[in-house]
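Working notes for the structure below.
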Amino acid sequence: MTEAETDAVLEAQETQFFDDAARNVLAILPERKQDMARLQRIKNTDTLPTVTVIGKYNHGKSRLLNELTGTDRFSVADRRETVELSEFDTQGVRWLDAPGLDADIEQKDDGHAHQATWVQADIRLFVHAAKEGELDARERTLLETLRRDDERTLRQTLFVLTQVDQLSDTAVLDQVSRAIAAQASAMPIHAVSATRHRQGVAGDKKLLVEKSGIPALQSLLSQALAKVPQARAHEAATLFSSIGEELDLLLKARKKELVESLAQQHQQRSDFEQGLTTVFDKIAVDLQPVLEVSGTDQSLVPDSFENMFKLTAGKRERAHIQIAYSRACIAINAHLVKHGVTELPQAQQTSVRSLDTVMVAVMGVSVKYRDDLRRMFCEPDGRVHLQQQFARYFELSEDRMNLSHRITDTQAHVEQLERAIASLQVLEQA
């Protein structure tokens, strides 16, 4: 494998490494896509310092770039020409001619302009044609946004007033400059004429070259380019810090939410079980007069064919038992309703809606004998069985399932946040 092929493989591996780590961050903060792209660019030490020229089309951006680079690499026209990113590398600097500010947002050229300005640029040359007079609303908004970004990241924006040769005299130039200065947040204005510079160079007229403003701008650019490494380091630290703080805040919030949800889950289960135990205890007390029988238990005496339709002692006793059972069921059902345990899970439901209740599923419809009541509510095994059955349906209730799903989702989000933070730390240390 040649050295060039080895370098290409290593570069691909580094790119994949960054992409994988960035993907973990963007899974949480998709709105940070631009910041992550910028970090990828400035963390790559092989990336050339980049100067991007921005402004409305037909304001002399391409012509300015040609004079600054001493080439004719950038297309010049009197119509809208730059809709793609035009670029040229020379003397250790990458120059970008971005699509105009008035690019069609429905077309990809607006995306190119955004990339050139916010992701790729280390230095922005904000170009405005002197003949247009004051800045329009979009230019003012962008210039203020660039100024704030410069303060935050230490990137640099230079205001370049182009085509000053098209003004009638210096008095008009002064007037336009003052008007723009009032709009440009005290940003220094660098007046230039690409036409004069080209004429001066062609005719070897040093004074014309000097008066074109291009040499002065080139000198400023040299000073600005020298600050790029320091600015990149500051910007990277700023981005890592702000993204990290945002992730940390989200992680703390999600962990707090998880702790609260788990506590709520535990408290709900405890309240349900303790409440059910209290209900069972009261039922056991209330049943004692019914369960205490002296002599023959008439409820166990079967009815004969002759007294099938007569009111017998056995029927009265069984009715008393059924009433006691119904009262017990009413007390239990009130507790279930209080905790949202009413309908059966969808998989257990039938076509008879009146039977699709937790009470019917656990207790049945009726009970005939005292031993049944005693076994269910007074003996430990019976009470444990009921407690387990009701607890199972409690966990399957809609509110309880929703809470469980919320806990699962929050746990997954916490893990996702922890991966994102770890990935960001790896990128910062790389």
To make sure I understand, if each residue's beta carbon is the centre and we count other beta carbons within 10 Å, what order do Val127, Val53, Val293, Val201 fall in, fewest to most?
Val293, Val201, Val127, Val53
The pairs in Lys255/Lys338; Lys61/Lys211; Lys131/Lys205 lying past 27 Å Cα-Cα in this model are Lys255/Lys338
Treating cross-link reach as a plain straight distance, find the lysines whose alpha-carbon is under 18 Å from the alpha-carbon of Lys227, omitting any fewer than eight places away in the same chain.
Lys43
For Glu379, Glu31, what ranking results if the residue with the fewest other Cβ atoms within 10 Å of its Cβ goes first?
Glu31, Glu379
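Take the Cα radius of gyration of the chain and divide it by 2.2 N^0.38 Å, with N its residue count; two decimals is plenty.
My calculation over the Cα atoms of the chain gives 1.83.
Taking 2.2 N^0.38 Å as the expected size of a compact globular protein, what ratio does the Cα radius of gyration of segment 248-417 give against it, to two decimals?
1.40
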Kirkwood radius from Cα pairs of segment 160-281 plugged into Stokes-Einstein at 4 °C, 1.567 mPa s, gives D in µm²/s equal to 62 µm²/s
Which of Glu245, Glu273 has the fewest Cβ neighbours within 10 Å, and the rest in rising order:
Glu245, Glu273
Between Thr69, Thr52, Thr90, which gets the highest mean-square fluctuation from a Gaussian network model of the chain, Cα cutoff 10 Å?
Thr90
Taking the Cα centre of segment 248-417 as origin and charging only Cβ (+1 Lys, Arg; -1 Asp, Glu), how large is the dipole, in debye to the nearest 20?
220 debye
Sites removed, the longest contiguous part of the chain containing no DSSP-loop chymotrypsin sites (Phe, Trp or Tyr not before Pro) with at most 15 other Cβ within 10 Å is 1-304
So what is the 222 nm mean residue ellipticity for the chain from helices alone, if each DSSP H run of at least 4 adds -39500 (n - 2.57) and you divide by all residues, rounding to the nearest 500 deg cm²/dmol?
-20500 deg cm²/dmol
With 5 Å bins from zero, work out the P(r) of segment 157-222 over every alpha carbon pair and list the percent per bin.
4, 18, 25, 24, 19, 8, 3, 1
Have a look at Asp97, Asp204, Asp20 and tell me which one the Gaussian network model of the chain (Cα, springs below 10 Å) gives the largest fluctuation.
Asp204
Rg [Å, one decimal], Dmax [Å, integer] - segment 48-226, C-alpha atoms
15.2, 46
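Each reported figure results from applying straightforward, stated rules to the coordinates on display, with no laboratory input. Keep in mind the model is a prediction, meaning the values are calculated, not measured. Heads up, the Cβs are rebuilt from the backbone with ideal geometry, glycines too, and the neighbour counts pull from every protein chain shown.
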